[in-house]
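Chemist: Sharing a structure here in structure tokens format.
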Amino acid sequence: MPRTAVVAGVGPGLGESIARRFHEEGCRVALLSRSTDHTESVAADLGERALAVAADVTDPDAVDAAFETVRDAFGPIDALVFNASGGAWKGVRDISLAEFEHALDVSATGALCCVQAAIDDMLDGDGGTVVFTGATSAVRGRGGAAGFSAGKFAARGLAESMARELGPEGVHVAHTVIDGQIAPPSGADDPESFLDPDAIADAYWDLVTQDRSAWTLELDLRPHVEEF
């Protein structure tokens with residue numbers, strides 16, 4: 001039976017690559033984003049097993065409504081990829097409290113809202129998979145990015161807590177660490193300096209299909225690992 005997957009935080013780049021990869025594998029895919037300006041065209045290109053849904057991940061009511069829309073169209077959710085993030089690229093002296101709170105709201109509160117909207121489907125069914133898109137900033141704070149780093153740290157902690165809570169119940173929770181810039185849709189002048197979003201999407205699909213005996217808590221997608 002085809003899986004139903006929700007990709008939260010879809011824009012040109014990694015989110016779109018994930019949605020396309022999962023669709024290629026036969027999934028029914030919902031593409032969540034604040035605006036459907038881009039996702040509607042992607043869903044139309046993918047066809048009848050794809051759906052663009054507008055939702056602000058920081059608004060619990062909007063998230064619940066979005067997931068109900070997905071269920072009405074495709075049935076219970078089997079996989080959730082939380083790819084949304086936010087953060088003003090400012091240091092601690094310059095970032096406002098509102099900007100800092102927004103970064104936490106998108107990266108951590110938004111993840112919790114999406115997980116809470118999907119998790120009962122997975123627990124009531126045959127289990128499921130939740131994948132968080134993380135960054136090096138989730139393990140090593142980045143100078144000049146107080147909000148982004150704090151949000152990614154919070155999301156990583158949430159993912160680790162969820163993995164230990166939900167793993168025994170049959171839900172695979174994985175957090176990825178991505179280091180470096182992802183190649184833009186238009187391509188890169190120096191491809192070797194950028195990460196390939198399609199290759200990352202392949203790794204995400206592997207997480208969904210992993211046998212339980214090989215479940216991953218954290219997947220390091222960094223091309224190199226530095227001490228921190």
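The values are calculated or read from the model by the stated rules, or taken from the named source; none is laboratory data. It should be emphasised that the depicted structure is a prediction, and the values quoted were computed from it without experimental measurement. We place every Cβ from the backbone using ideal geometry, glycine too, and count neighbours over all the protein chains shown. Please note that ligands, DNA and RNA were not included when accessible areas were found on the heavy atoms of the full protein model with its side chains. Shrake-Rupley method; radii C 1.70, N 1.55, O 1.52, S 1.80 Å.
Chemist: Quick one: Debye curve from the alpha-carbon atoms of region 76-131 only, equal weights, vacuum; give me log10 I(q)/I(0) at q = 0.14, 0.24 Å⁻¹ to two decimals.
Modeler: Evaluating at q = 0.14, 0.24 Å⁻¹ gives log10 I(q)/I(0) of -0.47, -0.85.
Chemist: Report, by chain and number, residues whose modeled amide H sits under 5 Å from the one on residue 80, excluding near sequence neighbours (fewer than 5 apart, same chain).
Modeler: So residue 80 has HN proximity to 6, 129, 130, 131.
Chemist: Additional query: Tell me, what ³J(HN,Hα) does each residue in region 195-200 have, in order and in whole Hz, if you take phi through Karplus 6.51 cos²θ - 1.76 cosθ + 1.60 with θ = phi - 60° and put x for Gly and Pro?
Modeler: For region 195-200, the Karplus-derived couplings read 8, 8, x, 5, 5, 5 Hz, x marking Gly and Pro.
Chemist: Dipole size in debye (nearest 20) for region 27-156 around its Cα centre, Lys and Arg Cβ +1, Asp and Glu Cβ -1? Show your work: numbers first, answer last.
Modeler: Values: 10 positive and 19 negative charges, 186 e Å.
In total the dipole reaches around 900 debye.
Chemist: Using only helices, what value at 222 nm comes out for the chain when you add -39,500 (n - 2.57) per DSSP H run of length 4 or more and divide by the total residues, to the nearest 500 deg cm²/dmol?
Modeler: My calculation for the chain gives -12500 deg cm²/dmol from helical runs alone.
Chemist: Using the Karplus curve 6.51 cos²θ - 1.76 cosθ + 1.60 with θ = phi - 60°, work out ³J(HN,Hα) for each residue of region 16-31 in order, rounded to whole Hz, and write x for Gly and Pro.
Modeler: Taking θ as phi minus 60°, the curve returns 5, 4, 4, 4, 5, 5, 5, 5, 4, 8, x, 6, 8, 10, 9, 9 Hz for region 16-31.
Chemist: A further question follows. As I understand it, the dipole of the chain uses +1 on the Cβ of Lys and Arg and -1 on the Cβ of Asp and Glu, about the Cα centre. Which of 131, 85, 67 lies farthest toward its positive end?
Modeler: Positive-most Cα among the choices belongs to 85.
Chemist: While we're here: Can you work out ³J(HN,Hα) from phi for every residue in region 98-105, in order, using Karplus 6.51 cos²θ - 1.76 cosθ + 1.60 and θ = phi - 60°, giving whole Hz and x for Gly and Pro?
Modeler: After applying 6.51 cos²θ - 1.76 cosθ + 1.60, I find 5, 5, 5, 5, 5, 4, 5, 4 Hz.
Chemist: Here are several values of Rg/Rh (Cα atoms, Kirkwood Rh): [x] 0.95; [y] 1.05; [z] 1.01. Which one was derived from the coordinates shown?
Modeler: [x]
Chemist: Could you report the chain's accessible area per residue, 1.4 Å probe, as an integer in Å²?
Modeler: So the chain comes to 47 Å² accessible per residue, rounded to a whole number.
Chemist: Further question: Taking 0.36 nm per intervening residue step and subtracting the Cα-Cα distance, what contour gain separates residue 182 from residue 123 on full extension?
Modeler: 17.9 nm
Chemist: For residue 171, enumerate residues with amide H under 5 Å from its amide H, sequence gap 5+ or separate chain, H modeled in the peptide plane.
Modeler: Here the answer is 128, since their amide H atoms fall under 5 Å of that of residue 171.
Chemist: On the accessible surface of the chain, probed at 1.4 Å, how many percent belong to carbon and sulfur atoms? Write down the numbers at each step before the final one.
Modeler: Values: 5120 of 10820 Å².
After summing per-atom areas, the C and S share lands at 47 percent.
Chemist: Also, quick follow-up: Taking the Cα-to-Cβ direction at residue 93 and at residue 202 and moving 7 Å from each Cα, how far apart do the two end points lie in nm?
Modeler: 4.5
Chemist: Oh, and also: Near the amide H of residue 195, under 5 Å away, which other amide H atoms are found, from residues 5 or more places off or on another chain, if H is placed in the peptide plane?
Modeler: 181, 182, 183
Chemist: Related question: Taking every pair of Cα atoms in region 31-82, average 1/r, invert it to obtain the Kirkwood radius, and report Rg/Rh to two decimals. Provide the component values of the computation, followed by the final result.
Modeler: Numbers: Rg = 10.7 Å, Rh = 11.4 Å.
Rounded to two decimals, Rg over Rh is 0.94.
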